[in-house]
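Q: Before I ask anything, let me first share the structure, which is written out below as structure tokens.
Each value in this text was obtained by applying a stated rule to the coordinates, not by laboratory testing. Note that this is a predicted model, so its numbers are computed, not measured. Don't worry about glycine lacking a Cβ; one is built from the backbone with ideal geometry, like all the others, and counts go over all protein chains shown.
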Amino acid sequence: MKLRIKGNSIRYRLTRTDVSNLAANGYLEEQTNFLDGRFIYALQTDAGITELKATYSNNKITMFVPASFVKNWPANDVVGCNAKMPLSESTSLYLLLEKDFVCLDESTEDQSDNFDNPNKTC
């Protein structure tokens, strides 16, 4: 699972195994350790919501995902989902959850568990 943050935007990218584990267990978590603590990012399914939501507490970002979306996600061709979560009258947090595709460039990163890139042929 990868996390990308830019301004008021949070993007999670999941490998095949991540998507399968989220569908099977309803929860995924990873962490980055520092000398003085750790930063945690997680995904959790929620049957009571219809779009993405997120919280931040105790150095942990949790993105909540509709359980109905995740149920068949490993087997279908849906790339992901997104939402704008209002924070105030004038501010929102953009949330994006998507399958991680194999890069088309010469990346040295292990991509063996990534999804086939739909743009691999011209």
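Q: If you stretched the chain out fully between residue 27 and residue 88, how much longer would it get, using 0.36 nm times the residue separation minus the C-alpha to C-alpha distance?
A: Length difference between fully extended and current span is 19.2 nm.
Q: Can you list the HN-Hα couplings for the range 38-48, worked out from phi with the Karplus curve (6.51, -1.76, 1.60; θ = phi - 60°), rounded to whole Hz and with x for Gly and Pro?
A: Couplings: 9, 10, 10, 10, 9, 10, 9, 6, 8, 6, x Hz.
Q: Once the range 2-99 is represented by equal point scatterers at the alpha-carbon sites, with solvent omitted, what log10 I(q)/I(0) does the Debye formula produce at q = 0.13, 0.15, 0.23 Å⁻¹?
A: Result of the Debye calculation: -0.44, -0.59, -1.28.
Q: If you restrict to DSSP beta bridges whose two residues both lie in the range 2-99, what percentage is antiparallel, to the nearest 5?
A: Values: 25 of 38 bridges.
Of those bridges, close to 65 percent are antiparallel.
Q: Put a dot 7 Å past each Cα toward the Cβ at residue 9 and residue 50; how far apart are the dots in nm?
A: About 2.6 nm, to one decimal.
Q: Using a 10 Å cut-off around each Cβ, can you sort 91, 62, 55 from fewest to most neighbouring Cβ atoms?
A: Values: 91 9, 62 16, 55 12.
By the 10 Å Cβ count, ascending: 91, 55, 62.
Q: Still on this model: Under 25 Å between alpha carbons, and skipping anything fewer than 8 positions from residue 53 in its own chain: which lysines qualify?
A: Partners within reach: 2, 6, 71, 84, 99.
Q: Ok, one more. Taking the Cβ-Cβ separation of residue 72 and residue 34 as r and a Förster radius of 35 Å, what is the calculated FRET efficiency to the nearest 0.05?
A: Using R0 = 35 Å, I get an efficiency of 0.40.
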